[in-house]
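The values are calculated or read from the model by the stated rules, or taken from the named source; none is laboratory data. What you see is a predicted model; the values in this text were computed from it and never measured. Cβ sites come from the backbone with ideal geometry, for glycine too, and all protein chains shown count toward neighbours. The accessibility values were calculated without ligands, DNA or RNA, using every heavy atom of the protein model including side chains. Shrake-Rupley method; radii C 1.70, N 1.55, O 1.52, S 1.80 Å.
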Amino acid sequence: MKAVILAGGFGTRISEESGVRPKPMVEIGDKPILWHIMKIYSTHGINDFIICCGYKAYVIKEYFSNYFVHTSDVTFDLRHNKMEVHQNEAEPWKVTLIDTGEGTMTGGRLKRVKEYVEDGTFCLTYGDGLTNANIKDIIQFHKDQGKLATLTAVQQPGRFGVFSLDKNQTVLTSFKEKPKSEGDSKAWINGGFFVCEPKVIDFISGDTTVWEREPMEKLAYDGELAAYRHEGFWQPMDTLRDKNVLEAMWNEDKAPWKIW
């Protein structure tokens, strides 16, 4: 199974970092948050990644093209133009980097990688959120529900897509992204870490389509959007404060998402 990661946004709320690199390349510890997300998936057996690049795409491309240099000790023999890699820490990953356009919206980015995910069920998430959710359990839940898309429902106050979810409910009937009201701190929100069928791309019109609006709202209206409840750790990196919180967890060896 493949995992699509949306990594092309500007990251304006964390401009202190995103001014020089795309938000998914902002480091937690000494590794980009994108690396942490990929490690989460890899731990659950998903090692084939489609990265939807956009803003400063070249930074992501450079990182993976020189992955050995970034993660291993190396010797450069300048006289003979040779490089020797020591203590190789290569991951078992296949990484496809697609430039989906700098101004393309989230839905448009997914539509632009359609040809890479047409062969079956795939995972989808944002390049700025971490969790200790069990990806295998989410995939199995998605299969059991038999819907076109499953999102991971988490609890976090404010500014995210809010929806109602009764105690025994598994299929959504409504979805609203970032409502004007801050809402209840106990509201369930869209935490990303989706599992989707290729047909969801038919709900996307083009580059200007925001995945969290018309496509997800239509999926919910049609009864094709399921919600996997995750009551464990989930944390986005929207602001510098969020970044510092995650950094402190990592440095204190108390990072809940470090399941590897």
Lone unmet requirement of (1) outside any helix (DSSP H, G or I); (2) polar (S, T, N, Q); (3) exposed (fewer than 15 other Cβ atoms within 10 Å of the Cβ) for GLN140: (1)
Filter result (over 17 Å from the mean Cα position of the chain (by Cα) and either under 18 Å from MET1 (Cβ atoms) or open to solvent by 30 Å² or more (accessible area, probe 1.4 Å) (or both)) within segment 97-113: GLU102, GLY103
Of residues in segment 80-96 being of a type in the set (A, V, I, L, M, F, W, C) and farther than 17 Å from LYS2 by Cα, the one most open to solvent (accessible area, probe 1.4 Å): MET83
Residue match in segment 44-57 (condition: crowded, with 21+ Cβ neighbours inside 10 Å, in a helix (DSSP H, G or I) and under 15 Å from the mean Cα position of the chain (by Cα)): no
Conditions (1) more than 27 Å from VAL200 (Cβ to Cβ); (2) out of contact with any Asp or Glu (no Cβ under 8 Å at 6 or more places or on another chain); (3) not charged (D, E, K, R); number of the one not met by PRO22: (1)
All positions within segment 58-79 that are within 23 Å of PHE193 (Cα to Cα) and open to solvent by less than 20 Å² (accessible area, probe 1.4 Å): ILE60
Qualifying positions in segment 157-166 - modelled with pLDDT under 75, open to solvent by 40 Å² or more (accessible area, probe 1.4 Å) and over 15 Å from GLU217 (Cα atoms): PRO157, ARG159
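For segment 220-231, state whether one or more residues are within 28 Å of LEU34 (Cβ to Cβ) and modelled with pLDDT under 95.
First, pick out the residues of segment 220-231 that are within 28 Å of LEU34 (Cβ to Cβ): 225-231.
With modelled with pLDDT under 95 added as a condition, the list becomes 231.
Yes, the conditions are met somewhere in segment 220-231.
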Enumeration of residues in segment 68-86 that are more than 29 Å from the chain's Cα centre (by Cα), part of a loop (DSSP other than H, G, I, E, B) and not basic (Lys, Arg): LEU78, HIS80, ASN81
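Within the bounds of segment 59-80, is there any residue that is of a type outside the set (Lys, Arg), touching a Leu at 6+ places or on another chain (Cβ under 7 Å) and at pLDDT 90 or above? Spell out how you get there, then give the answer.
Step one: filter segment 59-80 for residues of a type outside the set (Lys, Arg), giving 59-60, 62-78, 80.
Subset that is touching a Leu at 6+ places or on another chain (Cβ under 7 Å): 60, 64.
Imposing the further condition that a residue be at pLDDT 90 or above reduces the set to 60, 64.
Taking every residue of segment 59-80 in turn, at least one turns out to be of a type outside the set (Lys, Arg), touching a Leu at 6+ places or on another chain (Cβ under 7 Å) and at pLDDT 90 or above.
Would you confirm whether any residue within segment 120-137 is in a loop (DSSP other than H, G, I, E, B) and open to solvent by 60 Å² or more (accessible area, probe 1.4 Å)? Give the steps one after another, and end with the answer.
Quick first cut of segment 120-137, residues in a loop (DSSP other than H, G, I, E, B) only: 120-121, 127-128, 132-134.
If we keep only those that are open to solvent by 60 Å² or more (accessible area, probe 1.4 Å) too, we end up with none.
No, because not a single residue in segment 120-137 is in a loop (DSSP other than H, G, I, E, B) and open to solvent by 60 Å² or more (accessible area, probe 1.4 Å).
Restricting to segment 87-124, what's the tally of residues that are touching a Ser or Thr at 6+ places or on another chain (Cβ under 6 Å) and farther than 18 Å from SER42 by Cβ? Full working, then the answer.
Start the filter on segment 87-124 by keeping residues that are touching a Ser or Thr at 6+ places or on another chain (Cβ under 6 Å), which leaves 87-89, 105, 107-109, 112.
Filter once more, so that each one left must be farther than 18 Å from SER42 by Cβ: 87, 105, 107-109, 112.
Total satisfying the criteria: 6.
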